[in-house]
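J.: One structure follows; several queries about it will come next.
Since every read-out is calculated from the coordinates, none of them should be taken as a lab result. Given the structure is predicted, the values throughout are model-derived calculations rather than measurements. FYI the Cβ positions are ideal-geometry reconstructions off the backbone, even for glycines, and counts take in every protein chain you see.
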Amino acid sequence: MKLERNTQKPRWFAFARRDARRGECRGPEPRQRGRERPLSIDLNAWAMAGVLLFLWAALAVLPATRGVFLTERNLATLLTQNAHILVIAVGMTMVIVIRGIDLSVGAGVALTGVVAALLQLRLGVSAPVAIAAALAAGAVIGVWQGLWISRLGIPAFVVTLAGFNAFRGLALVLSDARGLAPMHEDFSIVTASVAPGATVALCLVALAAGVGLTLADAARRRAHGLEPPAMTVLGARIGGQVLLAGFVLAVFAGRGMPVPVLVAALTVLGGAFLTRRTRFGRHIYAVGGNPDAARLAGIDVKKVTLGVYVLVGVLTGVAGVLLAGRVNGVTPGSQGQLLELDVITAVVIGGTSLLGGRGSVVGTMLGALVFGTLANGMNLLGVDSNWQLICKGLILMTAVLFDVLSKGGRVMVRVIAIVVALVVVTALMASRPPVPRPQVAFLLSTLQEERYKKDQRFFEARARELGIRAVTLAADNDNAKQIAQVEDALTRGARVLVIQPTDSKAASTYVRLAHERGARVIAYDRTIVSKDLDFYVSHDSYRVGVLQAEAAIAATGGRGRFVILSGQAGHSVATEITRGYDETLAPYVKRGDIEIVTRQSHSAWSPEQALRTVEDALARAGGRVDAILANNSGMARGAVQALAATGKTGVFVAGADADAANVDFVCQGKQTIEVLKDIQPLAETAAEVAARMVRGEKLDGTVAAVPVEVIGPADVKARLVDSGFLTASEVPSCLK
């Protein structure tokens, strides 16, 4: 018995090593688990397909979305909107299967997009070269993170959280915190569509290949003496492929498939082939199922881990290019913001276990479609963007809860530990560098956008002229960080705080803290909701809304369908501009001459979200929209890009801030007007008021409203270029 027992272990181990060389070992009992995995994948995929069909059926019958959701236009829009999410989700599936995580994909999208945009806009390189450079940057990101994780054994959570901050910072440094737009004309290949005939051919070829591989797989299992799939299972797999091909043909046969959708489809097919039919793919599952067993079976765990992170890095670069093309530029501070949440949610919804070893690319594809359907449906239903974020969080937690319950309660401790680690690391990353002792602290919500660099420059220059020591701090739109900066400035002896609040209501605490220390507070650009506020310096935001609405009425004759793109919900500037819209348009809306098709707030004033809102509005209105009013230039750029993608012309589009790209759009005829909110008089007025407060001088009143004005093509040279607000090189179309 002893001899027999000793010979059994080497025989099992040798068998495992032989299977590993063939790429079939997934830990103990490889043959048994090899039979179970395809069945579990099928069950999960069909379950997700059922959920997707249920959502589509519900949206097809709801009164608000009936006749809108299941239209060719809307379904094509839904797939295009989620293409970049699905591309990254394929790579994230493999990362999570090996028990990893990547929290840096959103920042990676911004960085790779910046690389492509800088090469196009500053060096004038062609689109293929810029795209290749972005993909190379993504590969470098993957190699960098993969080496730290695989070779040095640092947890993926820590490494990618560092990348979450570092890659975003690098994108801001490279771009000088400026929005980079628009991309050159040849970059439109990213958003073009494949011809209808080619779309049909590609779909049929993919269907034939899928059916052929399915039949070949059954024959291979039979030839190796393994149990082949039952005829019902085989029929279900082939039937699912036929249904998917039929859906694609129904949506795209008449209009052609958009390139982002094609790229996402090819990524899914490639990912499914890699994970299910290659040695590397089987090694991924072996490492995720049991890394120690995989190592003993002869699998190079470090090499597999590095390869997976390089792959997700490249796919991040692909998504960065797709997103830069969709929004026709890059806003480094917000591009890809919270994208990691969307991607991980799609992967987990699709059935991939956060504990590793279980998941599929097919399930991820269906999970991404479920997630995208929810987002699209909520937009069509007019659900506020902040509630959409809550829904996303609840969806993710629900998916994780089911995963945890299926594996045992001990996993909950690990989840709590990860959350605590995230809070601790984020607090450490938010630590502030020391600042000089000021008389005046200029506290901006962010310095990650072009205009806020001007605020800082003009304020500090005027303060120096007046003999006042001033320091500028930026909170990166983080309330907790801003209140810490308020406390720091007061501790250092600042006598006046000039604050652009991250949250107008929460900022009432700043006033109380300042008054307790004998300091005074000036609200800058945005109001602070406090009866004890000392002074308020701002543009006349209400007037911005009035001017845009009056121009829209004049252009449309006071009739038509309007879309309102508001900024951050609860933001005082967004509230005032939108109030200007509402009060000016109210008589026309009451008479029924003007219909507000969509009214939506946008977190972080995101151009990407505005692009999606306009796309959904066009679908909801059957393609007929007459005017789009945007609270700022960035969202107006999103609107312009959405109209360009659908070929719509003659739509009135208004923005505010007079960003260079938008002013150039006005001169090109892609946008109708911009409202100039000149930064120099705003910042200089705030500096002058602060200086008088430092000297103890009496002020006249408590509010200073800086005027705003409409900018059309004829106003650009005299009002913007000659004054130095913009340079001639920034608006070439206006000076031809």
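J.: For residue 302, give me every one of the aspartates and glutamates with a C-alpha distance below 14 angstrom, ignoring sequence neighbours fewer than eight places off in its own chain.
T.: Hits, sequence-local ones excluded: 292.
J.: Test of understanding: what is the full-extension gain from residue 219 to residue 582, defined as 0.36 nm times their sequence separation minus their Cα-Cα distance?
T.: 124.0 nm
J.: With the Cα gyration tensor of segment 196-251 in hand, convert its eigenvalues to equivalent ellipsoid semi-axes via √(5λ) and list them largest first in whole Å.
T.: For segment 196-251, the semi-axes come out at 27, 12, 4 Å.
J.: Please turn the phi angles of segment 623-632 into ³J(HN,Hα) values with the Karplus equation 6.51 cos²θ - 1.76 cosθ + 1.60 (θ = phi - 60°), one per residue in order, whole Hz, x for glycine and proline.
T.: x, 9, 10, 9, 8, 10, 10, 10, 5, 8
J.: Can you tell me which aspartates and glutamates have their Cα less than 19 Å from the Cα of residue 531? Leave out same-chain residues fewer than eight positions away.
T.: 503, 516, 576, 700
J.: Grab the DSSP H runs of the chain that are 4 residues or longer, score each as -39,500 (n - 2.57), total them, divide by all residues and round the 222 nm result to the nearest 500 deg cm²/dmol.
T.: Rounded to the nearest 500, it is -20500 deg cm²/dmol.
J.: Volume per residue, Å³, of the convex hull around the alpha-carbon atoms of the chain?
T.: Cα convex hull per residue, to the nearest whole number: 175 Å³.
J.: Given bins 10 angstrom wide, list per bin the percent of all Cα-Cα distances in segment 525-581, short to long.
T.: 22, 44, 23, 9, 2
J.: Assuming a viscosity of 1.002 mPa s and a temperature of 20 °C, what translational diffusion coefficient in µm² per second does Stokes-Einstein assign to segment 214-280, Rh being the Kirkwood radius over Cα pairs?
T.: The diffusion coefficient I find is 152 µm²/s.
J.: Are there any trypsin sites (Lys or Arg not before Pro) in segment 89-163 that are in a DSSP loop and have at most 14 other Cβ atoms within 10 Å? List them by number.
T.: Filter output for segment 89-163: 122, 151.
J.: Anything over 20 Å Cα to Cα? Flag those among 505/590; 453/698; 505/698; 453/677; 454/677, in the order listed.
T.: Too far apart for the 20 Å limit: 505/590; 453/698; 505/698.
J.: Ratio of segment 596-736's C-alpha Rg to 2.2 N^0.38 Å, to two decimals?
T.: Dividing the Cα radius of gyration by 2.2 N^0.38 Å gives 1.25.
J.: Compare the Cα positions of 493, 120, 441 along the charge dipole of the chain (+1 at Cβ of Lys, Arg; -1 at Cβ of Asp, Glu; about the Cα centre) and return the one farthest towards the positive end.
T.: It is 120, whose Cα lies furthest towards the positive end.
J.: So what is log10(I(q)/I(0)) for segment 98-183 at q = 0.11, 0.22, 0.24, 0.25 1/Å, when the Debye sum runs over its Cα atoms only?
T.: Cα-only, vacuum Debye calculation for segment 98-183: -0.32, -0.98, -1.10, -1.15.
J.: Which whole-number percent gives the relative contact order of segment 196-251, counting Cα pairs below 8 Å spaced six or more residues apart?
T.: Relative contact order of segment 196-251: 50 percent.
J.: With an 8 Å cut-off on Cα pairs and a minimum separation of 6 or more residues, tell me the relative contact order of segment 440-533 in percent.
T.: Once divided by the residue count of segment 440-533, the mean separation gives 30 percent.
J.: Ok, one more. Using the Cα atoms of segment 166-212 to build a convex hull, what is its mean projected area in square nanometres?
T.: One quarter of the hull surface, i.e. the mean projection, equals 6.2 nm².
J.: On full extension of the chain, what length is gained from residue 733 through residue 492, given 0.36 nm per residue of separation minus the C-alpha to C-alpha distance?
T.: 81.9 nm
J.: Given the convex hull over the Cα atoms of segment 440-533, what projected area results after averaging over all orientations, in nm²?
T.: The Cα convex hull of segment 440-533, projected and averaged over all directions, gives 5.4 nm².
J.: Expressed as a rounded percentage, what relative contact order does the chain have, with Cα pairs under 8 Å and six or more residues apart?
T.: Relative contact order here is 15 percent.
J.: Is any helix in the chain, taking whole DSSP H runs, at least 30 angstrom long along its axis by alpha carbon and on average at least 0.5 on the Kyte-Doolittle scale, and which ones?
T.: Both cut-offs are met by 127-150, 196-223, 231-252, 301-327, 385-407.
J.: Got a sec? How would 261, 640 order by Cβ neighbour count within 10 Å, fewest to most?
T.: By the 10 Å Cβ count, ascending, the order reads 261, 640.
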